[in-house]
1. Is it the case that A:Leu488 is at pLDDT 85 or above and open to solvent by less than 40 Å² (accessible area, probe 1.4 Å)?
2. Restricting the search to the stretch B:191-230, which residues are within 15 Å of B:Gly270 (Cα to Cα), of a type outside the set (A, V, I, L, M) and more than 11 Å from chain A (Cβ to nearest Cβ)?
3. When you scan the stretch A:111-209 for helices (runs of 4 or more DSSP H) that lie fully inside it, which ones turn up with 1 or more residues that are over 23 Å from A:Ser43 (Cα atoms)?
4. If you go through the stretch A:28-35 one residue at a time, do you hit one that is at pLDDT 90 or above, open to solvent by 30 Å² or more (accessible area, probe 1.4 Å), under 29 Å from the mean Cα position of the chain (by Cα) and not aliphatic (A, V, I, L, M)?
5. Under the condition of being at the interface with chain B (Cβ under 7 Å from one of its Cβ atoms) and open to solvent by less than 30 Å² (accessible area, probe 1.4 Å), which residue from the stretch A:386-408 is farthest from B:Arg210 (Cα to Cα)?
6. Tell me whether the stretch A:364-371 contains one or more residues that are in contact with an Asp or Glu (Cβ under 8 Å, 6 or more places away or on another chain) and either over 30 Å from A:Ser272 (Cα atoms) or not in a helix (DSSP H, G or I) (or both).
7. Any chance you could count how many residues in the stretch B:215-243 are closer than 30 Å to A:His357 by Cβ, of a type in the set (A, V, I, L, M, F, W, C) and open to solvent by less than 10 Å² (accessible area, probe 1.4 Å)?
8. Cβ-Cβ under 9 Å, sequence separation 6+ or interchain: first residue in the stretch B:299-311 and aliphatic (A, V, I, L, M), partner not in a helix (DSSP H, G or I). Which pairs?
Amino acid sequence: MTLLRAENLTKSYPGVVALKDVSIAVEPGHVHCIVGENGAGKSTLVKTLTGLVTPDSGRLIVCDEDTTGRASSAIAYVPQELNLFDNMTVAENIFLPAGAGGGRSRFFDPRRCNAAALPVMQRLRMSCQPGDLARDITVAERQLLQIARALAVDDFKVLILDEPTAALTRPEIGRLFAVIGELTAQGRSVIFITHRLDEVLHLHSAITVLRNGEVVGHVDKTSNEIIDEAWIVRAMTGKGIDLGHLWRPRQPRGERLMEVRGLSGKGFRDISFDLHEGEVLGFAGLVGAGRSEIAQTIFGFLRGGSGEVRYRGQPWRLGDPRRAIANGVIYLSEERKSHGIFANLPVRENVGIGLLHRLSKGGIVSPARERATTLQIVADYNVRTASTETRIRNLSGGNQQKILIGRGLMAGPRIMFLDEPTRGIDVGAKADVYALIRRIAEEERMGIVLISSEMEEILRCCNRVVALYDGSVSAEIGEDELDMATVLAAIMDAGPARGDKRGATGRPQDDIAAARGLAV
Amino acid sequence: MQQIAIAPGAAPRRKLRLGGQMIGIIGAFLVLIGISALVSPQFISSYNLTIMSRDLAFIGIVATAQGLLLLLGDIDVSIGAIAGLAGIVCAKMIVDMGADPALAIPAAILVAAAAGALNGLIITLLNLNSLVVTIGMLSVYSGLNLLITQGRTIVNLPKHVTFLGSGQAFGLPVTLWVMLAMFLVVLFVTARTVFGRQLYAVGNSREAARIVGISEVRVRVTAFAIAGGLAGVAGILLCFRLMSAQATLGQSWLLPSIAAPVIGGIATTGGIGTIWGALIGAAIMVVIGNIIVLGGVGIYLQQIVTGLIVVIAVALDAIMRRFSAGN
């Protein structure tokens with residue numbers, strides 16, 4: 001009997017199709033791995049399986065029961081983000097979501113709760129005590145605690161683990177895999193979502209590969225194909241993206257604008273790269289690889305950071321955004337709503353706030369000049385807005401972004417860090433943003449750093465790509481080598497770029513298992 | 001291709017004029033006045049209008065001060081105690097130390113501005129919650145007022161000084177003229193100056209403000225200092241009006257200083273509303289307080305009724321905002 005069967009799930013959000021006709025079947029005792037890049041639809045799929053999201057069409061059948069759009073007690077779910085009660089104990093964290101103190105009584109008894117927590121904790125070999133506060137234990141223990149919470153309610157048939165190993169070390173991963181083994185031996189199933197291809201190869205009974213919301217590859221035990229990292233990368237790449245129009249600047253790059261050597265800071269270490277006039281340099285990497293942190297540290301929004309940065313040959317001082325702007329370095333945040341626009345102010349004042357020195361005299365702002373500048377941006381970048389007095393939050397994401405980029409350009413910068421500039425923007429407006437990026441690189445001869453989770457964007461817009469994995473540069477990819485497989489392999493820490501990890505047998509799963517101290 | 005629809009017209013002057021949202025609040029104010037005039041014939045007597053304009057002078061100033069901070073998403077609940085501090089320092093200097101009022105008044109305003117700035121520095125440099133910090137500072141400044149007065153009332157202020165608190169000029173109380181002057185200056189600062197733009201920017205998003213190079217700390221500390229100074233002016237005027245200063249001076253202004261701007265459409269979350277709201281909110285508060293007395297509501301009920309009206313007004317504003325955001 002198939003424990004979980006999803007049939008033709010489709011879900012769209014305004015501007016994006018998150019899932020397109022996705023079907024998966026999870027058999028008893030199987031570990032079903034789901035892989036795909038950021039934005040491939042993994043999260044939406046998981047949320048649909050757990051009933052958090054109701055699909056536009058399609059059905060979800062759990063243990064022969066239609067549970068589309070509602071939660072089923074047969075499914076246990078460990079989300080990617082930690083959501084613990086930091087100021088409560090480990091034991092309380094395990095049992096509170098289940099609404100019980102580790103027993104049937106309606107009264108809460110800390111001793112009974114702690115005692116009930118111990119078996120689950122021992123199963124995962126957690127080293128903290130049931131009475132420790134969740135905020136005091138290590139990140140890895142917190143991750144295990146989140147898993148323990150799911151295991152504590154023992155009546156599930158399918159366990160969904162969304163990137164459970166990101167914070168874990170080898171012995172802890174080994175313990176988790178052993179627990180997965182116990183569960184499958186009991187005839188239960190695990191759905192395992194990960195970016196680590198070695199884990200997929202070690203665990204899988206079946207693999208489903210997602211891209212752009214569609215299933216682009218599937219294998220299970222009956223398949224005769226040889227499944228290795230190359231197969232997965234190939235499946236994720238598919239027939240390759242139809243790049244269509246390329247937006248890379250086509251003029252030769254100019255002199256070096258910025259030189260970064262051995263820069264370390266919060267979430268990244270030992271980063272080196274150069275940025276030249278007239279080029280678009282991509283920062284590719286998974287969420288959490290340190291892309292935004294690097295840009296924010298150079299710009300000065302994030303304090304701290306050590307290493308050598310030179311700007312037009314001169315030493316660059318970190319930690320001072322005002323100075324960065326005055327010297328021609330600008331950063332646009334990926335959090336457009338909270339870190340970009342001033343939501344409740346009119347478009348005119350949003351423009352004015354970034355250019356106060358130019359638009360004021362003796363400390364008094366000229367609304368007429370603000371308006372003239374705004375009208376110029378509106379005309380130059382084809383912004384659609386009812387008037388300059390419209391509150392900027394009433395503009396579409398694409399038009400907000402054009403205003404922010406236009407405002408930044410008015411200050412005459414030499415370097416622009418664009419952090420996910422097309423997030424939440426519809427397809428038509430994306431092309432406008434790409435054209436704008438190319439135009440400022442070619443005509444203004446600016447150096448652009450484009451941070452993006454979208455493979456297509458990186459491939460279409462960048463002259464060169466710095467691939468980041470877990471806070472370090474895993475590869476620098478020039479224009480002639482720039483294709484999806486190369487970039488994917490580099491940001492996933494797999495494939496040729498990581499070839500040195502392979503041992504003598506040539507079977508990667510053996511070596512990785514051995515390296516992690518697992519029994520295969 | 002280009003479909004730019006920009007309404008032609010004069011340069012925008014919106015914030016100096018009343019915004020669209022303000023029209024509803026002014027409408028409510030006019031209805032309130034109409035009802036009040038119907039309920040009590042004395043309401044529009046010149047005697048009563050004078051009383052109300054005196055109240056409005058004080059509440060208008062502290063509401064303007066608090067409004068500035070609310071626009072930032074901050075709050076200073078020690079504002080009444082700071083006002084009292086200024087009044088007491090001023091009276092002490094004039095009466096006990098024989099200082100010239102022309103020196104004592106600016107000195108007392110500076111003391112109040114410094115007290116406000118100190119609040120701002122503690123909040124921004126240590127990254128603390130402004131409500132919690134200023135609750136503590138409320139106790140500090142109230143205690144300071146007790147310490148300076150030693151619990152006694154300072155009296156015997158000279159006549160030419162108390163004129164500022166109780167006299168009339170051009171048919172209106174002097175205090176009202178002072179309030180209007182302060183209000184117009186703050187209105188201009190918030191609507192037309194670089195500092196005003198930065199204030200709204202920080203109130204909307206501290207992060208976005210830092211990304212465009214605005215020093216969030218400088219803007220917030222300056223606003224706390226201005227608010228303290230304004231409160232100081234109100235405290236000094238009240239001291240002159242009462243012809244005395246004691247430790248409780250300004251203590252009753254906490255509720256109206258917050259309620260008035262909120263009733264006038266300044267959101268406590270920051271960045272929304274205009275300083276006009278503080279003035280009109282203050283006027284609404286004064287009229288409500290007045291009509292409760294004229295309408296014969298028992299003295300023991302007054303506080304309850306005032307409080308309820310404030311809560312209802314705030315709830316209505318929030319509901320309207322949610323409704324308009326949904327569209």
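1. Criteria met by A:Leu488.
2. Passing the criteria: B:Arg220, B:Phe224.
3. Helices (runs of 4 or more DSSP H) meeting the threshold: A:139-152, A:170-185.
4. yes
5. Restricting to residues being at the interface with chain B (Cβ under 7 Å from one of its Cβ atoms) and open to solvent by less than 30 Å² (accessible area, probe 1.4 Å), the top hit is A:Ser387.
6. Within the stretch A:364-371, one or more residues are in contact with an Asp or Glu (Cβ under 8 Å, 6 or more places away or on another chain) and either over 30 Å from A:Ser272 (Cα atoms) or not in a helix (DSSP H, G or I) (or both).
7. Total satisfying the criteria: 4.
8. If the second residue must be not in a helix (DSSP H, G or I), the pairs left are B:Val305/B:Val297.
The values are calculated or read from the model by the stated rules, or taken from the named source; none is laboratory data. What you are looking at is a predicted structure, and each value in this text was computed from that prediction instead of being measured. All Cβ positions, glycine included, derive from the backbone under ideal geometry; neighbour counts span all protein chains shown. Calculation scope for accessible area: heavy atoms of the full protein, side chains included, ligands and nucleic acids excluded. Shrake-Rupley method; radii C 1.70, N 1.55, O 1.52, S 1.80 Å.
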